[in-house]
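**Q** Dumping the structure here so I can ask a few things about it.
The values are calculated or read from the model by the stated rules, or taken from the named source; none is laboratory data. Computed from a prediction, not measured in an experiment: that's the story for all the values here. All Cβ positions, even for glycine, are placed from backbone atoms using ideal geometry, and neighbour counts span all protein chains on display. These area figures cover heavy atoms from the full protein model, side chains too; ligands, DNA and RNA do not enter into them. Shrake-Rupley method; radii C 1.70, N 1.55, O 1.52, S 1.80 Å.
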Amino acid sequence: LTGGPALVVLRGHTDGVLSVTTLPDGHIVSGGQDTTIRIWEPSAGNPIWTLEGHEGAVSSLAASCDGQTLASGSTDRTVRLWDPSTGQLRRIIQAHDDRITCVAISHNGSLVVSGSYDGTIRSWDGVTGELLRKM
């Protein structure tokens, strides 16, 4: 990086951006204090999807390596699983007793892991949403 001018500025969130990730196809995903997730076409600078549903700030995002699943964690204490190609919500996991700080997802989306201010790490089945382990 040379510190030159930005090629494209992505504008759309109405409050601070707290988390970003990328999808295997090159799309950029952002989550913010405005409770939304946006999936961007970076060359055009336009969001192709605005994902709504969280009732708190989106604090963490993770995408599976196969690009089929996007996981979001929020201060609303939920993990949500999305289809990034359609923007459709697949599952809501009532995950923790306090704000979620981080999420991770396996390469094929079969395992989701979340961490929280409640002091726990929890692993979930990425298809059924079943709690597998609390650490």
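For (1) open to solvent by less than 40 Å² (accessible area, probe 1.4 Å); (2) among the charged types (D, E, K, R); (3) in contact with a Lys or Arg (Cβ under 9 Å, 6 or more places away or on another chain), each residue gets a yes or a no:
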site	(1), (2), (3)
Thr36	yes, no, no
Glu41	no, yes, no
Asp97	no, yes, yes
Ser123	yes, no, yes
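**Q** What are the residue pairs meeting all of these: first residue in the range 61-86, first residue in contact (Cβ under 8 Å) with a residue 60 or more places away in the chain and under 18 Å from Val17 (Cα atoms), second residue among the aliphatic types (A, V, I, L, M) and open to solvent by 40 Å² or more (accessible area, probe 1.4 Å), Cβ atoms under 7 Å, and 6 or more apart or on different chains?
**A** Final answer for the pair search is none.
**Q** Which of the residues belonging to the range 21-60 are under 12 Å from Ser72 (Cβ atoms) and either among the hydrophobic types (A, V, I, L, M, F, W, C) or touching a residue at least 60 places away in the same chain (Cβ under 8 Å) (or both)?
**A** Answer for the range 21-60, where residues must be under 12 Å from Ser72 (Cβ atoms) and either among the hydrophobic types (A, V, I, L, M, F, W, C) or touching a residue at least 60 places away in the same chain (Cβ under 8 Å) (or both): Val29, Ile37, Ile39, Leu51, Ala57, Val58.
**Q** I'd like the full set of residues that are touching a strand residue (DSSP E or B) at 6+ places or on another chain (Cβ under 6 Å) and either under 24 Å from Asp83 (Cα atoms) or not hydroxyl-bearing (Ser, Thr, Tyr) (or both), limited to the range 114-124.
**A** Ser114, Gly115, Ser116, Ile121, Arg122, Ser123, Trp124, listed by residue number.
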